[in-house]
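The next block holds one structure in the form of structure tokens; read it before the comments.
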Amino acid sequence: MKLYYSPGACSQAPHIALREAGIDFTWEKVDLRAKTTETGQDFRKVNPKGYVPALEVSPGVVMTELAVLLQYVADLVPARKLAPPPDSAERYALQTWLVFIATEIHKGFSPMFKPALSEEGKDVFRQILATRLDYVQSELSQREYLMPGGFSVADIYLFVTTGWASRLNYDLSRWPAIVAFRERIAQRPAVQAALKAEGL
């Protein structure tokens, strides 16, 4: 199994998940601007969409889309309990979190990375994102993890996306439960190993 990643990008989430699951895998860095891998491959031949993550699960078989990859990895090693069982009510709750993080948190941060967007334009996205983080704060004020059953791949995804705040000078201090959550997740050995492997 091979993970194609870019340091600090959303591909960090399946990177952490693979380590949490105890799965053997290799990883290869991608230059997203040049669309090449560190071994010189045309990345568009790996993933025609041109973005990470991409997970080669067997020779020539590549999976994409972060919410799918996280569930796939979790289901490979159900004993690690990174996701509730398929078709359970809890699994749909997990999927709700994954989609919320993808569409509201991940894509809430994305416009702020675009240099062509004016500060006024970015302010609109900052304000929308703040309302989404208010909701996450309210949930994490009640428990340590997003899911009542404990740590899951949704927590990994939230950790990675909220990690972009520091790169964007987006102050998270008004959401203390999120700050405390990030501190807890950062202590996990799989998280530390993934960050070290990505040179972060």
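Residue by residue, segment 2-12 carries 3J(HN,Hα) couplings of 10, 9, 9, 9, 10, x, x, 7, 4, 5, 5 Hz when phi is fed to the Karplus relation 6.51 cos²θ - 1.76 cosθ + 1.60 (θ = phi - 60°); x denotes Gly or Pro. Rounded to the nearest Hz, the phi-derived 3J(HN,Hα) couplings of segment 190-197 under the Karplus curve 6.51 cos²θ - 1.76 cosθ + 1.60 (θ = phi - 60°) are 5, 5, 4, 5, 5, 4, 5, 4, where x marks glycine and proline. Label point 7 Å out from Ala89 along Cα-to-Cβ: which residues of segment 136-172 have amide N under 17 Å? It comes to 147-150, nothing else. The alpha-carbon of Lys29 sits under 21 angstrom from the alpha-carbons of these lysines, leaving out residues fewer than 8 places away in its chain: Lys2, Lys45, Lys49, Lys196. Solvent-accessible surface of the chain, averaged per residue with a 1.4 angstrom probe and all protein chains in place: 49 square angstrom. Please report how far the C-alpha centroid of segment 17-43 lies from that of segment 96-156, rounded to the nearest whole angstrom. Cα centroid of segment 17-43 versus Cα centroid of segment 96-156: 25 Å apart. With θ taken as phi - 60° and the Karplus curve 6.51 cos²θ - 1.76 cosθ + 1.60 applied, the whole-hertz 3J(HN,Hα) list for segment 138-147 is 5, 6, 6, 6, 9, 7, 7, 10, 5, 9 Hz, x standing for glycine and proline.
Across the chain, the mean sequence separation of Cα contacts (distance under 8 Å, 6 or more residues apart), normalised by length, yields a relative contact order of 23 percent.
For the chain, adding -39500 (n - 2.57) for each run of n ≥ 4 DSSP H residues and dividing by the number of residues yields -14000 deg cm²/dmol at 222 nm. In segment 110-200, the alpha-carbon atoms span a convex hull of 99 Å³ per residue.
When a 1.4 Å probe is rolled over the protein heavy atoms, the share of accessible surface on the chain that falls to carbon and sulfur comes to 54 percent.
Would you mind calculating the gained length between Phe25 and Glu139 on full extension (0.36 nm times residue separation, minus the Cα-Cα distance), in nm to one decimal? Mind dumping the intermediate values first?
Details: separation 114, 0.36 × 114 = 41.04 nm, distance 3.35 nm.
Residue separation times 0.36 nm, minus the Cα-Cα distance, leaves 37.7 nm.
Is any residue of segment 55-80 close enough, with backbone N under 18 Å, to a label point placed 7 angstrom from the Cα of Lys49 along the Cα-Cβ axis, and if so, which? So the set is 55-58, 60-74. Assign one of three labels to segment 52-156, namely rounded, prolate or oblate, based on the Cα gyration tensor with a ≥ b ≥ c the square roots of its eigenvalues; rounded applies when a/c is under 1.5, prolate when it is not and a/b is larger than b/c, and oblate otherwise. Here segment 52-156 falls in the oblate category.
The values are calculated or read from the model by the stated rules, or taken from the named source; none is laboratory data. Just so you know, these numbers come straight off a predicted model, no measurement behind them. So basically every Cβ, Gly included, is an ideal-geometry build from the backbone, and we count neighbours across all protein chains shown. Accessible surface areas use protein heavy atoms only, side chains included; no ligands, DNA or RNA. Shrake-Rupley method; radii C 1.70, N 1.55, O 1.52, S 1.80 Å.
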